[in-house]
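> What follows is a single structure, and I will ask about it in a moment.
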Amino acid sequence: MRPRLIILAVLLPLVAYFGLYTWNARTGVVDRLTAVLGLDAAGWVFRPGRAVERGVRDIWERYIYLVGVRQENEDLRAQVHALREEVVRLREQAAEARRLANLLDLPEPQGWDRQGARVVAHRPGPGMALDALVVDVGLSSGVRGDAPVCAAAGLVGRVARSGQSFSVVTLITAPTSRVPVVSQDGRIPGVVCGQGPDAPVEVRYVPLGQQVREGEILVTSGMDGRFPRGIPVARVTAVAPSADALFQKVTAQPVVDMAALEEVVVLRRPEPPSANETRP
């Protein structure tokens, strides 16, 4: 029984195959069906693969694009930062040039030489004057004690102590400062006295009956020999009667913004020629 079943299992498929082959040879139906079904099968297989390919390619291209955009943004940020720094630097240079030009425009008092200096410290410490600053010139530049110090707007103070390369300048606002002045319009004499940091100065010894107006500029009188004549010192802010029967109570505001100083001019008296230089 079993051999017959085996023979039938082998022969029936062969008979069916040859029958189908013969029928297809006459009609071509199987070829056409196979072509159609094969194409569709290929289509169904390739369509998801193509979709996956497109998705992967899009993701890759977007990644590459985003990486490029990110790098470009970083480059642009670096360029913007560099340009901002350049703008700040150029503005600082322009501001410094304007300040130096204003200093150069200062008239040179007769009998005095000018020495430019940079401010390196404000109110340098408790061991020094309360209202003081340090400049980068000293004995090696011919700067000595009591030398007047000016800014473009007017008088800053005087040199209190000189080192070899640096000097301490006492400001006119310091309590120890005394500057003989006259009012610019009325030529009324007085003495500008400092009252400490961030306080207005006091103008002492202004006689009663002498008219000093608010807003009037006080300039150095040159009477003590320490300061040249005509340097602006302060602007009168208030005039009132005083308890003193002889003088008025006058306050003023320095014309120089001491906190904003960066460059100053130190006035020096020229050294007299030595005996060897004058000897024929």
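The values are calculated or read from the model by the stated rules, or taken from the named source; none is laboratory data. Here the structure is a predicted model, which is why all the values come from computation and not from measurement. Every residue, glycine among them, receives a Cβ derived from its backbone with ideal geometry; neighbour counts consider all protein chains shown.
> Quick check on segment 231-260: of everything there that is part of a loop (DSSP other than H, G, I, E, B) and modelled with pLDDT under 90, which residue is surrounded by the most Cβ atoms within 10 Å (Cβ to Cβ)?
Only one residue fits best here, namely Ser242.
> Okay, moving on. Across segment 213-231, what is the number of residues that are more than 16 Å from Val255 (Cβ to Cβ) and of a type in the set (Val, Ile, Thr)?
Total meeting the criteria: 0.
> Something else about it: State whether the residues of segment 261-270 include one that is under 18 Å from Tyr205 (Cβ atoms), surrounded by 16 or more Cβ atoms within 10 Å (Cβ to Cβ) and assigned by TED's automatic domain parsing to the domain that holds Val119.
So far as segment 261-270 goes, no, none of its residues is under 18 Å from Tyr205 (Cβ atoms), surrounded by 16 or more Cβ atoms within 10 Å (Cβ to Cβ) and assigned by TED's automatic domain parsing to the domain that holds Val119.
> Still on this model: Collect the residues in segment 151-170 that are aliphatic (A, V, I, L, M) and either assigned to a loop (DSSP other than H, G, I, E, B) or not assigned by TED's automatic domain parsing to the domain that holds Pro228 (or both), keeping them in residue-number order. Outline the logic, then answer.
The initial filter retains those residues of segment 151-170 that are aliphatic (A, V, I, L, M), namely 151-153, 155-156, 159-160, 168-169.
Passing the criteria: Ala151, Ala152, Ala153.
> Evaluate segment 132-139: report whether one residue or more is of a type in the set (A, V, I, L, M), modelled with pLDDT of 90 or more and either within 21 Å of Arg229 (Cβ to Cβ) or assigned to a loop (DSSP other than H, G, I, E, B) (or both).
Within segment 132-139, one or more residues are of a type in the set (A, V, I, L, M), modelled with pLDDT of 90 or more and either within 21 Å of Arg229 (Cβ to Cβ) or assigned to a loop (DSSP other than H, G, I, E, B) (or both).
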